[in-house]
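Notes follow once the structure below has been shown.
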Amino acid sequence: MALWSPDTPCSCDCFVSVPPASAIPAVIFAKNSDRPRDEVQEVVFVPAGTHTPGSRLQCTYIEVEQVLKTHAVILSRPSWLWGAEMGANEHGVCIGNEAVWTKEPVGEGEALLGMDLLRLALERSSSAREALHVITGLLEHYGQGGGCREDPTPFCYHNTFLLADRTEAWVLETAGRLWAAQRIQEGARNISNQLSVGTDISAEHPELRTHAQAQGWWGGQGTFDFAQVFSLTQQPVRMEAAKARFQAGRELLQQQKGGITAEVMMDILRNKESGICMDSGGFRTTASMVSILPQDPTQPCIHFLTATPDPSSVPLGQCSNLSSLGRGQPRPPRCCPLLLEHRTPFGPCHDSRLRWIAGTLSTVNTRRPWG
C-alpha cells in the first residue's frame with residue numbers, strides 16, 4: 001500500500017460496494033469529507049416539501065429555479081454554505097463529491113458549487129441515474145464555480161461525484177460544463193481527487209469529444225480515455241497525493257471484496273496509514289458517512305454520520321427512513337452541537353467499535369448523550 005506523508009495536502013475519498021462485492025444484499029456507500037480544519041460541518045435534516053410554481057431557490061451564491069416537489073434529505077454540510085459534502089434522501093439515493101482540477105479552467109465567478117449540485121440532486125431525484133441527469137442538467141444551465149471555503153483566499157475546483165442507490169452506482173466526473181460518467185452495476189469502486197473514468201464511459205456530454213479534439217487534447221481517432229485526455233499534464237501536489245490515496249483505497253476494497261460491510265467501510269475511513277483519514281496542516285477529515293442501501297425495497301436504508309472530525313477517534317451517529325417524516329412535522333434540531341455532545345445511537349449496531357449514529361432517516365434521536 002502506498003504511504004501518505006503528513007505534510008502532503010489531501011482531500012476527500014468516496015467508496016461504494018455493489019453486490020456481489022458486498023457481504024449482504026445491499027449497496028454500501030461511504031465518504032470521508034476532508035475540509036479546512038476549523039470549519040464546522042453539521043448534520044441537518046430537511047423535510048420533503050412542495051413549492052410554488054415559478055419560485056426561486058437561493059443556493060450558496062446564486063439563485064436557481066425551484067421544482068414543485070423536493071424529497072426529504074439528511075445532509076452533512078459545512079455550516080456556512082447551502083449545499084452539502086455528502087448526504088442521502090428518502091429514496092435511498094446517496095451522493096458524495098470530490099474536488100478535481102482538469103485542463104478546463106476553474107471559474108472563480110459565482111455559480112453553483114459542487115456541494116450545491118449534490119444537495120439539489122438529492123432533493124430532486126429518486127435514483128442514482130436520475131441524480132446524474134439532475135446534476136448534468138444544472139451544470140449545463142448554470143455552470144459550476146465560486147469559492148469553496150469560507151476563507152477569502154481563493155480555493156476553487158471542479159467536481160467528481162459518486163452516486164448510489166439500492167441497485168447501482170455511478171461515477172460522474174466533470175470538467176467545467178463537460179462530463180463523463182461510468183455505471184457501476186457490481187463490484188467495488190472509489191474516487192479520490194483525480195479523474196478516474198477512462199475508456200469505460202457509460203454516458204457523456206454530447207460535445208465532450210469534439211471539444212477535446214478542438215483543443216488539441218485528442219486526435220479524434222482511436223480510443224477515447226476521458227481521464228487521460230482531460231487530466232492536467234502538470235498535476236498540483238494535492239492531485240499527485242490523491243493518486244496514492246486512490247490506489248490505497250482500491251487495494252483496501254479489493255482485500256475485502258465479497259465481504260464488504262458497513263464495519264469494513266468504517267475501518268477504511270479510519271485508515272491513517274493511507275491518508276484516507278487525514279490531518280495535515282490546514283486540512284483534516286471533518287466528517288464521515290457510511291450508508292447501507294438494501295436491495296429489498298421493504299427494508300429501510302441505514303445512514304451513519306460522525307458530525308465531528310476524525311472517524312478514527314470519535315463515533316458516527318445514526319438516522320433512519322426519511323419518508324416517514326411527513327410534511328408539516330417539526331424538523332429535528334440542527335446537529336452542529338454534536339461537535340460537542342454526541343447523541344445515543346439506536347437501532348442495530350453489531351460492532352461495539354462503531355459508535356457512529358445508527359438508524360433510519362425517519363428519526364433523529366437526541367434523548368441521551370453519548371457514553
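Observations on the model:
- Qualifying residue in region 206-228 (condition: at pLDDT 95 or above, buried (at least 23 other Cβ atoms within 10 Å of the Cβ) and not hydroxyl-bearing (Ser, Thr, Tyr)): yes
- From the options Leu81, Leu57, residue that is assigned to a strand (DSSP E or B) and surrounded by fewer than 24 Cβ atoms within 10 Å (Cβ to Cβ): Leu57
Quick grid of which residues meet (1) in a helix (DSSP H, G or I); (2) among the basic types (Lys, Arg); (3) open to solvent by 10 Å² or more (accessible area, probe 1.4 Å); (4) closer than 27 Å to Leu208 by Cβ:
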{"position": "Tyr61", "(1), (2), (3), (4)": "no, no, yes, yes"}
{"position": "Glu108", "(1), (2), (3), (4)": "no, no, yes, yes"}
{"position": "Leu117", "(1), (2), (3), (4)": "yes, no, no, yes"}
{"position": "Arg129", "(1), (2), (3), (4)": "yes, yes, yes, yes"}
{"position": "Leu138", "(1), (2), (3), (4)": "yes, no, yes, yes"}
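- Any hit, region 142-153, residues being on the phi < 0 side of the Ramachandran plot, touching a Gly at 6+ places or on another chain (Cβ under 7 Å), free of Cβ contacts under 8 Å to residues at least 12 places away in the same chain and assigned to a loop (DSSP other than H, G, I, E, B): no
- Condition broken by Ala99, with the remaining ones in (1) open to solvent by less than 10 Å² (accessible area, probe 1.4 Å); (2) over 30 Å from Thr298 (Cα atoms); (3) part of a loop (DSSP other than H, G, I, E, B) satisfied: (3)
Conditions (1) touching a Ser or Thr at 6+ places or on another chain (Cβ under 9 Å); (2) at pLDDT 95 or above; (3) aromatic (Phe, Trp, Tyr); (4) under 27 Å from Val264 (Cβ atoms), marked per residue:
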{"position": "Ala26", "(1), (2), (3), (4)": "yes, yes, no, yes"}
{"position": "Val40", "(1), (2), (3), (4)": "yes, no, no, no"}
{"position": "Ala48", "(1), (2), (3), (4)": "yes, yes, no, no"}
{"position": "Trp82", "(1), (2), (3), (4)": "yes, yes, yes, no"}
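- Positions within region 281-303 being hydroxyl-bearing (Ser, Thr, Tyr) and crowded, with 18+ Cβ neighbours inside 10 Å, in sequence order: Thr285, Thr286, Ser288, Ser291
- Filter pass, Ala121 being crowded, with 22+ Cβ neighbours inside 10 Å, in a loop (DSSP other than H, G, I, E, B) and modelled with pLDDT of 95 or more: no
- Exactly one residue out of Ile302, Ile276, Ile268 is aliphatic (A, V, I, L, M), more than 20 Å from Ala23 (Cβ to Cβ) and touching a residue at least 40 places away in the same chain (Cβ under 8 Å): that is Ile276.
- Flag if Leu163 is assigned to a helix (DSSP H, G or I), in contact with a strand residue (DSSP E or B) (Cβ under 6 Å, 6 or more places away or on another chain) and either modelled with pLDDT of 95 or more or buried (at least 19 other Cβ atoms within 10 Å of the Cβ) (or both): no
- Residues of region 230-267 classified as open to solvent by less than 20 Å² (accessible area, probe 1.4 Å) and either of a type in the set (Lys, Arg) or in contact with a strand residue (DSSP E or B) (Cβ under 8 Å, 6 or more places away or on another chain) (or both), total: 9
The values are calculated or read from the model by the stated rules, or taken from the named source; none is laboratory data. As the structure is a computational prediction, the values presented were derived from the model and not from experiment. Counting neighbours? That spans all protein chains shown, and the Cβs are built from the backbone with ideal geometry, glycine included. Only protein heavy atoms, including side chains, enter the accessible area calculation; ligands, DNA and RNA are left aside. Shrake-Rupley method; radii C 1.70, N 1.55, O 1.52, S 1.80 Å.
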